[in-house]
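Report on the following structure.
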Amino acid sequence: MLYVEPIYRPPSEAGSLLIQATIGCASAAQGHCYFCGSWLIDRQIPAKKFKVRPAKDVMQDLDEALEQTGPGVRRIFLLDSNAMIMRAGQLEKISNHAYTLFPALERVSVYACANDILRKSDEDLKRIRQSGISLLYIGLESGSEAILEMHNKGVTAEDTVRACSRAVEAGFEISITVILGLGGRKQSLAHARDTGSILSRIRPHYLGALTLMVVPGLPVEEWISRGEFELLSQEEIIDELEVVLEHLETDREIVFRTNHASNYLPLGGTLPRDKARLLKIIRDARKRRVPLRPEHMRGL
C-alpha cells in the first residue's frame, strides 16, 4: 500500500482505513493557501507534488488492505487534501470496489475543495454519492472574502456556499472547517461575524473549528515579523469563538466540535440545541472557571 508522507486526515477519521487516492493538494500547484503547512517539508522544500493516482492502483491498495485488516472495515477515508478532484468515474470505481471488499463498510469520505464540487455536473455528483461516498470535508476557513483573498484561498465564501448547496442536493453530508484567528487582531471581529453568517447559510451537518498556528516558512510568519499581522491571545480566540456562535443561526442540526489539538478550549455539542450551553462554557472560560489547553500542548 502506498502512503506519501506527511499524511493529514480529519480528527473524526482516526479509526478509518486511510487509502491514498491523490497525492498532495491540487491547490498548491496554482499557489498554496498561506496558512497551510501541509505542502512544506521545511522552509524551502515542497513536500509533495500533486498527482491523481490511477483508479486501478487505488483499488489494488484496497485489495492489500483487505489482506492486512480483514473484511471488517467500517470506514474509509480517501487521502489526500482533495481527492474529490478525481473524475466521477474514478471515484465511482474506487468506492464500488471498497463496498464489494468490505461488507461492513458504512462510509467512504474525502476532503473536497469547493471548486472540485462546482466543476462537476449534478449527474456526476449523484453518481459519486450513489457509489457510497457520503461525507465531504470542506475547508471554509473564513466567511470573510477579504481574509480568504489575503490568504490566497483560491475560492470565495460564496463559492463554498454554492458548492455545499449542490453537494447536499446530491445527497452528501457536509463537514465544514473554520480557523479561528485567521484574520489576525485587526480583522478578528469581521472574521467571526462573517464566518457565523456564512455558516448559517451553509448549515453543515458537521462543523469543526481549528485555531491558527504559525508554520515556519509560510507567509503568515513573514507578516508577523514585519508587524503586518498580530496573532490573537487566548482570550481573544475565545472571544472570536463566542462571536461565531452568536452569529450562527440554524434550523438544521449541526454537530459542533472544537476538539482539534490546535484549540485552547475543546467543546462539543449539537446546534441549535446546545448553543446556550456552549456559550456559557465559553464565557466561563473567559473568567478562568474552565481550564484552557496550555500553549505547549497545542499542535497541528
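The values are calculated or read from the model by the stated rules, or taken from the named source; none is laboratory data. For clarity, every value in this text was computed on a predicted model and none was experimentally measured. Heads up, the Cβs are rebuilt from the backbone with ideal geometry, glycines too, and the neighbour counts pull from every protein chain shown.
Looking at segment 24-80, which of the residues that are within 19 Å of ARG9 (Cα to Cα) and among the small types (Gly, Ala, Ser) is modelled with the highest pLDDT? By that ranking, first place goes to ALA65. Restricting segment 102-123 to residues that are within 17 Å of ALA21 (Cα to Cα) and not polar (S, T, N, Q) leaves a set whose member that is surrounded by the fewest Cβ atoms within 10 Å (Cβ to Cβ) is ARG107.
A count restricted to segment 286-300 and to residues that are within 23 Å of the chain's Cα centre (by Cα), assigned to a loop (DSSP other than H, G, I, E, B) and without any contact (Cβ under 8 Å) to a residue 40 or more places away in the chain stands at 1. Could you go through segment 210-228 and let me know if any residue there is under 30 Å from GLU106 (Cβ atoms), among the β-branched types (Val, Ile, Thr) and touching an Asp or Glu at 6+ places or on another chain (Cβ under 6 Å). No, that holds for no residue. Out of all the residues in segment 206-214, is one or more in a helix (DSSP H, G or I) and either surrounded by 23 or more Cβ atoms within 10 Å (Cβ to Cβ) or in contact with a Phe, Trp or Tyr (Cβ under 9 Å, 6 or more places away or on another chain) (or both)? Checked against the condition, which is being in a helix (DSSP H, G or I) and either surrounded by 23 or more Cβ atoms within 10 Å (Cβ to Cβ) or in contact with a Phe, Trp or Tyr (Cβ under 9 Å, 6 or more places away or on another chain) (or both), segment 206-214 yields no hits at all.
Whenever a residue of segment 109-130 is among the acidic types (Asp, Glu), its partners that are not in a helix (DSSP H, G or I), lying with C-beta atoms within less than 8 angstrom and at least six residues away or across chains, give the pairs ASP116/ASN82; ASP122/ALA170. Here the condition is being without any contact (Cβ under 8 Å) to a residue 24 or more places away in the chain and part of a helix (DSSP H, G or I); of ARG283, ARG277, it holds for ARG277 alone. Taken over segment 2-17, the criterion of being surrounded by 15 or more Cβ atoms within 10 Å (Cβ to Cβ) and in contact with a helix residue (DSSP H, G or I) (Cβ under 8 Å, 6 or more places away or on another chain) is satisfied by LEU17 alone. Would a scan of segment 277-292 turn up a residue that is surrounded by fewer than 16 Cβ atoms within 10 Å (Cβ to Cβ) and small (Gly, Ala, Ser)? Scanning segment 277-292, I find no residue that is surrounded by fewer than 16 Cβ atoms within 10 Å (Cβ to Cβ) and small (Gly, Ala, Ser), so the answer is no.
Among the residues of segment 58-77, those that are among the aliphatic types (A, V, I, L, M), touching a His at 6+ places or on another chain (Cβ under 9 Å) and free of Cβ contacts under 8 Å to residues at least 40 places away in the same chain comprise VAL58, MET59.
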